[in-house]
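Chemist: Dropping the structure in here first, questions after.
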Amino acid sequence: MMVFWAIVALVVGVIVAVGLARLLGRSERAVSGSHNPQALSVVGSALLSSFILLTAFLIASTWSTYNTDRQHTYDEARSVTTAYWLAGKLQPADRDRVRAGLTMYANEVVADDWPAMGRHQTSDTSAAALDGLRIEVGAIHPATAADEKDRADVAAALDDVYSKRLIRAADVNYSMPSLLYIAMVIAAILLVAYPPLVGLTANGRNVIVLSGLGAMVGLGILIVIGLSQPYSEPLSIEPTAFRHALQQFTQING
């Protein structure tokens, strides 16, 4: 899927570049080339620097956020695994009930939460499963002080899962200021339009070169957009952490 979106970005960049070359490269000034070379060099460098600055800033920022969001999924899955392990200290009936609830929660995160996060939402089903499990553990009445400590440990672990779920939900709704994306797109259009606007004629060789520039600009924009939406295509974070947690559940059960 990522390859498909990369190809789309490249094609769009080429189309925009060719269109601008054809549209602006046939003017009288473009044909005559009557421009001040020093002024053109300064303006061209400024446009290139503006696009590089905006794109580099956005890629660095969104890449950092992307990695942080992915780490949060592993933190939550690790907490779920810890709660599952601690549940083994409960009485057999309580242990089986809590572990079954944790398994159901992890499965629902994969099946329900992840598709919803692609739409900048979280699943009510998995949230309700976790809330119900916390209530259920709170309702356990241990017979001894040692059993009460074990119950409290499981309850604390579930509270930790809940806190990390809230962090993941906040990650889903975070986005960079839209003004930055608008500025990047404007800088990209000006960068690609500049050569034909100031005199690059629309012959075959020049159009091919400008098409390459347009393709790279389009790919850069795609990377920024993909990283800024970590749970959506084409660079979506996969629920690998929770799938691994489900495998660990099987190992813990022996």
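The values are calculated or read from the model by the stated rules, or taken from the named source; none is laboratory data. All of these numbers come straight from a predicted model, not from anything done at the bench. Positions of Cβ are generated from backbone atoms using ideal geometry, with glycine treated the same way; all protein chains shown enter the neighbour counts. Note: accessible area is taken over every heavy atom of the protein model, side chains too, but ligands, DNA and RNA are not part of it. Shrake-Rupley method; radii C 1.70, N 1.55, O 1.52, S 1.80 Å.
Chemist: Among rounded, prolate and oblate, which fits segment 95-179 when a ≥ b ≥ c are the square roots of the eigenvalues of its C-alpha gyration tensor, a/c under 1.5 means rounded, and a/b larger than b/c means prolate?
Modeler: prolate
Chemist: Next question. So, counting K/R as plus one and D/E as minus one, what does the shell of residues with Cβ under 13 Å around GLN121 add up to?
Modeler: -2
Chemist: Given a Förster distance of 35 angstrom, what is the FRET efficiency for ALA143 paired with ALA170, based on the Cβ-Cβ distance and rounded to 0.05?
Modeler: Efficiency, from the Cβ-Cβ distance: 0.30.
Chemist: If you take every residue apart from LEU86 with its C-beta less than 11 Å away from the C-beta of LEU86, what net charge results, scoring Lys and Arg +1 and Asp and Glu -1?
Modeler: My count for the surroundings of LEU86 gives +2.
Chemist: If you don't mind, another one. Using a 1.4 angstrom probe, figure out how much accessible area segment 105-223 has per residue, in square angstrom, rounded to the nearest whole.
Modeler: Working: 5800 Å² over 119 residues.
On a per-residue basis, segment 105-223 sits at 49 Å².
Chemist: Return P(r) of segment 74-120 (all Cα-Cα pairs; 10 Å bins starting at 0; whole %; ordered from short to long distances).
Modeler: It works out to 27, 45, 22, 6, 0, in whole percents.
Chemist: Further, regarding this structure: Distance between the C-alpha centers of segment 220-242 and segment 102-145? Whole Å please.
Modeler: 25
Chemist: Now a separate question. Pop out the ³J(HN,Hα) list for segment 53-69 in order, Karplus 6.51 cos²θ - 1.76 cosθ + 1.60 with θ = phi - 60°, rounded to Hz; leave Gly and Pro as x.
Modeler: In residue order, the calculated couplings are 4, 5, 5, 5, 4, 5, 5, 4, 5, 5, 5, 5, 5, 4, 5, 5, 4 Hz.
Chemist: Still on this structure, I have one more. Size of segment 68-218 along its principal axes in angstrom, Cα-based, largest extent first?
Modeler: 87, 26, 22
Chemist: Of all accessible surface on segment 96-144 at a 1.4 Å probe, what whole percent is carbon and sulfur?
Modeler: 56
Chemist: Pop the C-beta distance of ILE135 and ALA111 into the FRET formula with R0 = 25 Å and round what comes out to the nearest 0.05.
Modeler: Result of the calculation: an efficiency of 0.65.
Chemist: For a protection proxy built on the mean count of beta-carbon atoms within 10 angstrom, sort 87-99, 217-229 highest first, please.
Modeler: The densest-packed peptide leads the list: 217-229, 87-99.
Chemist: Between LEU190 and SER49, what is the spin-label point distance in nm, taking each point 7 Å from the Cα along the Cα→C-beta axis?
Modeler: 1.3
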